[in-house]
Amino acid sequence: MMPLTCRSCATKVLVKKNSPQHTSIQWTTDAATSCPVFAERVAGGVHPALLDTCERLHDSIAEAAREGIFTYG
């Protein structure tokens, strides 16, 4: 897994791209407090375990992949 910083909020995660479609993300902090998108959803009553991912983090990962930061496998 490779470290990646969200380009929107600077939350740090670990990412592995197994293929262009499959991404594994490991949060290194509590997502509900470090990610403003997750924090807003949790404040709205959504349980953190039911949150899939943050769209802003997803965009950061996609940009990094386009830049060739990740190798697959």
Just from its helices, what would the mean residue ellipticity at 222 nm be for the chain, if runs of 4 or more DSSP H residues each count -39500 (n - 2.57) and the sum is divided by every residue, rounded to the nearest 500 deg cm²/dmol?
-9000 deg cm²/dmol
For helix 55-66, what angle does its Cα long axis make with the longest principal axis of the chain, in degrees from 0 to 90 and rounded to 10?
10
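Return the equivalent ellipsoid semi-axes of the chain as a descending list in whole Å, where each equals the square root of 5 times an eigenvalue of the C-alpha gyration tensor.
Taking √(5λ) for each eigenvalue gives 23, 12, 10 Å, largest first.
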Among Ala62, Ala32, Ala43, the residue with the largest mean-square fluctuation in a Gaussian network model of the chain built from Cα contacts under 10 Å is Ala43
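Restricting to the chain, compute how many DSSP beta bridges are antiparallel as a %, nearest 5.
If we restrict to bridges inside the chain, about 100 percent are antiparallel.
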Kindly provide the chymotrypsin sites (Phe, Trp or Tyr not before Pro) of the chain that DSSP labels as loop, not H, G, I, E or B, and whose Cβ sees at most 15 other Cβ atoms within 10 Å.
Tyr72
Could you tell me how many cubic angstrom of Cα convex hull volume the range 1-41 has per residue?
75
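Bear in mind these aren't lab numbers, they're just calculated from the coordinates by the rules spelled out. This structure is a prediction, so every number in the text was calculated from the model and none was measured. Here Cβ is always computed from backbone atoms with ideal geometry, including for glycine, and neighbour counts include all displayed protein chains.
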